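The values are calculated or read from the model by the stated rules, or taken from the named source; none is laboratory data. Because the structure is a prediction, the values reported are computed rather than measured. Note that each Cβ is placed from the backbone with ideal geometry, even for glycine, and that neighbours are counted across all protein chains shown.
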Amino acid sequence: MPDNNMSPVAAFLALEYQDAEKAARAGRIDQAWHHLERAHIVAQTRLLAHCRSHWTMLLFAVRLGDWREGAGQIFRLALAPLGNLTGRLPVGNSGRANVSAFVAMEIPSDLRSILDTDSE
């Protein structure tokens with residue numbers, strides 16, 4: 001449960017991770033990935049949050065026995081600090097292994113509003 005002292009981004013990430021876990025426990029794997037992808041998009045510009053998003057995806061992939069996704073997450077965990085430090089991030093990228101780690105993607109409007117709120 002998000003705490004009242006959290007930033008809008010931190011509260012959003014906490015809820016997405018909770019929703020991902022609920023979906024996973026209910027066997028709704030695609031929905032769990034959806035929540036993890038949304039968390040990645042919002043976390044992407046913050047180094048620790050970005051690394052956490054890939055770590056969470058890695059743990060989920062291992063839990064599912066999805067070794068291709070797991071390998072992709074290890075690769076992204078190695079790249080994330082470099083991307084954050086250089087500012088060369090593919091904005092909007094879902095963070096999954098089924099898309100290139102270097103391609104920017106459209107940011108959903110509800111996520112854009114959270115990102116815009118955070119920069120005010």
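Quick notes
- Subset of segment 58-69 [closer than 19 Å to G27 by Cα and in contact with a helix residue (DSSP H, G or I) (Cβ under 9 Å, 6 or more places away or on another chain)]: L58, L59, F60, A61, V62, R63, L64, D66, W67, E69
- Filtered by the rule that a residue be in a helix (DSSP H, G or I), touching a Pro at 6+ places or on another chain (Cβ under 9 Å) and in contact (Cβ under 8 Å) with a residue 40 or more places away in the chain, segment 39-54 gives a lone residue, I41.
- When each of S94, S7 is tested for being in contact with a His (Cβ under 7 Å, 6 or more places away or on another chain), touching a residue at least 24 places away in the same chain (Cβ under 8 Å) and among the small types (G, A, S), the lone residue that passes is S94.
- Residue check for L15: touching a residue at least 12 places away in the same chain (Cβ under 8 Å), in a helix (DSSP H, G or I) and under 19 Å from P108 (Cβ atoms): yes
- Checking V62, V99 one by one, the residue that is surrounded by 13 or more Cβ atoms within 10 Å (Cβ to Cβ) and either in contact with a strand residue (DSSP E or B) (Cβ under 9 Å, 6 or more places away or on another chain) or part of a helix (DSSP H, G or I) (or both) is V62 and no other.
- Residues of segment 64-102 that are closer than 23 Å to E16 by Cα and β-branched (V, I, T): I74, V91, V99.
- Among the residues listed as L115, L77, L36, the single one being modelled with pLDDT under 95, in contact with a helix residue (DSSP H, G or I) (Cβ under 7 Å, 6 or more places away or on another chain) and assigned to a helix (DSSP H, G or I): L115
- Residue within segment 1-11 that is in a loop (DSSP other than H, G, I, E, B) and charged (D, E, K, R) present: yes
- Filter result for N93 (among the polar types (S, T, N, Q), surrounded by 15 or more Cβ atoms within 10 Å (Cβ to Cβ) and out of contact with any strand residue (DSSP E or B) (no Cβ under 9 Å at 6 or more places or on another chain)): yes
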